[in-house]
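Participant: One structure follows; several queries about it will come next.
The values are calculated or read from the model by the stated rules, or taken from the named source; none is laboratory data. As the structure is a computational prediction, the values presented were derived from the model and not from experiment. Positions of Cβ are generated from backbone atoms using ideal geometry, with glycine treated the same way; all protein chains shown enter the neighbour counts.
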Amino acid sequence: MTAPFACQPEASRGRRWPERMSTFRSPWQRDRDRIIHSSAFRRLKHKTQVFVEHDGKDYRGDYFRTRLTHTIEVAQVARTIAGALGLNPDLAETVALAHDLGHPPFGHTGEDALAALMAPYGGFDHNAQALRIVTRLERHYADFDGLNLTWESLEGIAKHNGPVTGPLPYALAEVNAEWDLELHTNASAEAQVAAVADDVAYNHHDLHDGLRAGLFTENDLAALPVIGEAFAEVDRLHPGLDPMRRRHEALRRVFGVMVEDVIAVAQNRLASLRPTSAQDIRDMDGPIIRFSKPLYQNLKAIKLFLFQRMYRAPSVVVERSRVTALLNGLFPLFLHDPAKMPDHWRAAAEAAGDETGCARVVLDYVAGMTDRYAIAEAERLLG
């Protein structure tokens, strides 16, 4: 039984191309399944979360998160929080599973590089690219391009991080022109849950991966808020615990603190504001799902630590420079010689009509690459 302010399957605004309702799946279960079976979802397996997948020695290993395993962890957190709050867990999971579909190879480094390359042609944003994937680039069905997701899923992908204002990325503008996603309002509570679940997941697993990579130690983390208290509690309850078990026990407590905080804050706000419909959530002044102010400040300190010691660690910066140069070589090569792309991409680029259209086709091709495919293509074409 979901709360009255949850999104209700029977009240869904439907799909861009009408389809017969499933007899055994809700609309958002069907959306979820289509995302899981999409090509873009499978490619996340070989896309960067923090460490680039390659054959070097520094960060090689099967234990580091990829964009796919990150996405699965976000979906798990989203279902947990949504269930605790009486929201629709299927919609929350659907948005969580789709939220990073638009990421290019090499994660945020790749996004920064492609945004600069695409500046003359309308820019690049991975959230907007995710919408382009699920509305245009996945081409498996007889009756439509994309996945023909429900309005609620598209809305969640577009604005799970909040209302979208100002000039729109062209990929988002195209979708919104065909079907108004009401970008000026908040997203549903379920989409807001997916956004916070993203923060919970990466704040947790980046600590794990940074420790495994040797970029910092448990002693370094002990000086940080929340984390230090977690290690102290583990040491009190389990003195002399095996180091790897100690690490896991402490970081799972950090994970729990974040999830419990989000649930408690949302429960208090929902009790105070008393929304009676999903639209009430959309029309509120600000998000209903968020961290408490004290925890938010503590997480800022943790994020600053991760930025300095992990995301901008010297070895990571070297890798960022390498893959940026790789994309800076591939993109203009394909733009000026589309024949170097596979035949169907070449044909689309040649039919685009002008340089901007051609650049957007090249972007779709390059952004869809996995890390290892981009590296292999660079070695083949650039030497």
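Participant: Within the range 285-341, track down each residue that is touching a residue at least 24 places away in the same chain (Cβ under 8 Å), in a loop (DSSP other than H, G, I, E, B), touching a helix residue (DSSP H, G or I) at 6+ places or on another chain (Cβ under 9 Å) and of a type outside the set (A, V, I, L, M, F, W, C).
Facilitator: Within the range 285-341, Pro287, Arg290, Ser292 meet the criteria.
Participant: Being surrounded by 14 or more Cβ atoms within 10 Å (Cβ to Cβ) and in a helix (DSSP H, G or I) is the filter here, so list the residues in the range 237-251 that pass it.
Facilitator: Step one: list which residues in the range 237-251 are surrounded by 14 or more Cβ atoms within 10 Å (Cβ to Cβ), which gives 241, 246-251.
Arg246, Arg247, His248, Glu249, Ala250, Leu251, listed by residue number.
Participant: In addition: Tell me which residues, restricted to the range 5-24, are farther than 17 Å from Asn186 by Cβ and in a loop (DSSP other than H, G, I, E, B).
Facilitator: Within the range 5-24, the first condition is being farther than 17 Å from Asn186 by Cβ, and the residues that meet it are 8-12, 14-24.
Correct list: Gln8, Ser12, Gly14, Arg16, Trp17, Pro18, Glu19, Arg20, Met21, Ser22, Thr23, Phe24.
Participant: While we're on this one: Return the residue satisfying two criteria in turn: it lies in the range 107-132 and is in a helix (DSSP H, G or I) and among the small types (Gly, Ala, Ser), and of such residues it is modelled with the lowest pLDDT.
Facilitator: At the first step, the residues of the range 107-132 found to be in a helix (DSSP H, G or I) are 107-117, 119-121, 126-132.
Okay, now just the ones that are also among the small types (Gly, Ala, Ser), so 107, 110, 113, 115-116, 119, 128, 130.
Values: Gly107: 92, Gly110: 97, Ala113: 98, Ala115: 98, Ala116: 98, Ala119: 98, Ala128: 98, Ala130: 98.
The selected residue is Gly107.
Participant: So, in the range 93-123, of the ones that are hydrophobic (A, V, I, L, M, F, W, C) and either within 18 Å of Thr69 (Cα to Cα) or within 15 Å of the chain's Cα centre (by Cα) (or both), which residue ends up surrounded by the fewest Cβ atoms within 10 Å (Cβ to Cβ)? Reasoning before the result, please.
Facilitator: Going residue by residue through the range 93-123, those that are hydrophobic (A, V, I, L, M, F, W, C) are 95-98, 101, 106, 113-119.
Next, only the ones that are either within 18 Å of Thr69 (Cα to Cα) or within 15 Å of the chain's Cα centre (by Cα) (or both) stay: 95-98, 101, 106.
On the way: Val95: 34, Ala96: 31, Leu97: 25, Ala98: 32, Leu101: 28, Phe106: 28.
Only one residue tops the list, namely Leu97.
Participant: Does any residue of the range 38-60 turn out to be closer than 22 Å to Asp261 by Cβ, in contact with a Phe, Trp or Tyr (Cβ under 9 Å, 6 or more places away or on another chain) and either surrounded by fewer than 22 Cβ atoms within 10 Å (Cβ to Cβ) or modelled with pLDDT under 95 (or both)? Walk me through how you get there before you give the answer.
Facilitator: Within the range 38-60, the subset closer than 22 Å to Asp261 by Cβ is none.
There is no residue in the range 38-60 that is closer than 22 Å to Asp261 by Cβ, in contact with a Phe, Trp or Tyr (Cβ under 9 Å, 6 or more places away or on another chain) and either surrounded by fewer than 22 Cβ atoms within 10 Å (Cβ to Cβ) or modelled with pLDDT under 95 (or both).
Participant: Looking only at the range 184-197, how many residues end up being buried (at least 18 other Cβ atoms within 10 Å of the Cβ) and out of contact with any His (no Cβ under 6 Å at 6 or more places or on another chain)? Walk me through it before giving the result.
Facilitator: Step one: of the range 184-197, the residues buried (at least 18 other Cβ atoms within 10 Å of the Cβ) are 186-197.
With the extra rule that they be out of contact with any His (no Cβ under 6 Å at 6 or more places or on another chain), the set shrinks to 186, 188-190, 192-193, 196-197.
So the answer is 8.
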